[in-house]
Amino acid sequence: MLIVANWKMNSLRREGIDRARKLRLLSSEKELSCNIIVCPPAHIIHEVRQALDGSDIGVGAQDCHFDDGGAHTGDISVKMLADLGCTHIIVGHSERRQEHFENDEIVKMKAKKVHSEGLISIICIGETKEEKESGKALDRLHDQLSNSLPETINSINTVVAYEPCWAIGSGLTPNHKEIEDAHTVIRDFLKRTIPKTKPLPYVLYGGSVNGNNAEGLLQIQGVSGALVGGASLDPTDFWKICQYAETAVNLKNS
Ligand code: 13P
């Protein structure tokens, strides 16, 4: 299981560092076997990484540019993020797709750059409310997978996150059957792309995951973790989600 915290555009330095320290403390009280990555906003990645030093919790970034460097005002390169200690980079988040007009082609270039620098891309896909209501959700996921995943993906350098746009920050989640169906589409696609001898990448669910619903969501067939927004700002709630990931692994293995 992999649990990823996406802090989005939240927290000044003090608040971010305090939250990271709290997480480190929680993690020192009980060791969990699931992997945990925190993606703070770029201005505090370095300090959050320092605050998490000595724990197994890693740091990631929320976005990157697809170029190595140069005249891209306001952007940040994969190399720069690696330099800050990031191991994972989220690409194609629906907020980037909507607010910054990023299409599948751009997402694919970003993911490719992440791989070329030896980091792990967390590639987000998900249908809009309109696509869901018109019965096109699974077709949309298939299109996004075909067009956003570069040929460089493998079992290790890629994580796919299924985040229905309408579930993000809304308190709404798809029902368990809908999540299972979406994850089946994603896993079938990955099975056709990744050599049979290799394990499949993590496939995360994201969208209004919190300490109250994570137990059920993480037990859904095909779900191998969560991408958590709002609830990741509360270390106690976030840690509860991580603990449910541990329970889900044990149940799935039993
Ligand atoms: P919420 O957990 O706040 O719905 O956000 C989900 C998300 O966008 C994580 O990337």
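Values quoted throughout were computed directly from the atomic coordinates according to the rules given, and no laboratory measurement underlies them. It should be emphasised that the depicted structure is a prediction, and the values quoted were computed from it without experimental measurement. Here the Cβ is made from the backbone with ideal geometry for all residues, glycine too, and neighbour counts use every protein chain on show.
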>> Using amide H atoms built in the peptide plane, which far-off residues or other-chain residues are under 5 Å from HIS93 H to H?
In response: CYS124
> Most exposed first by the Cβ proxy, i.e. fewest other Cβ within 10 Å, how do THR128, THR197 rank?
Replying inline: THR197, THR128
> Taking N as the number of residues in the chain, what is its Cα Rg relative to 2.2 N^0.38 Å?
Replying inline: 0.94
> Which cross-chain or sequence-distant (5 or more) residues have an amide H under 5 Å from the amide H of ILE120, H modelled 1.01 Å from N in plane?
Replying inline: HIS88, ILE89
> Mean separation of Cα pairs under 8 Å and 6+ residues apart, divided by the residue count of the chain: what relative contact order is that in percent?
Replying inline: 20
> Considering only DSSP states other than H, G, I, E and B, which chymotrypsin sites (Phe, Trp or Tyr not before Pro) in the stretch 175-254 qualify as loop sites with at most 10 other Cβ atoms within 10 Å?
Replying inline: none
> Measuring from label point to label point, each 7 Å out along Cα→Cβ, what is the GLU180 to GLU15 span in nm?
Replying inline: 3.9
> So what is the diffusion coefficient of the stretch 63-105 in µm² per second by Stokes-Einstein at 4 °C and 1.567 mPa s, using a Kirkwood Rh over Cα pairs?
Replying inline: 115
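May I ask you to give the average projected area over all directions of the convex hull of the Cα atoms of the stretch 104-254, in nm² rounded to one decimal?
Taking a quarter of the hull surface, the average projection is 9.2 nm².
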>> Can you compute log10 of I(q)/I(0) for the stretch 26-107 with the Debye formula, treating each Cα as one identical point scatterer, at q = 0.17 Å⁻¹?
In response: -0.74
> Under 21 Å Cα-Cα from LYS132, which lysines qualify once same-chain neighbours fewer than 8 residues away are excluded?
Replying inline: LYS177
>> Quick check on my link table: of LYS30/LYS240; LYS79/LYS113; LYS22/LYS240; LYS8/LYS30, which ones sit more than 18 Å apart, alpha carbon to alpha carbon?
In response: LYS8/LYS30
> So which trypsin sites (Lys or Arg not before Pro) in the stretch 105-203 end up in coil per DSSP with only 15 or fewer other C-beta atoms within 10 Å?
Replying inline: LYS136, LYS196
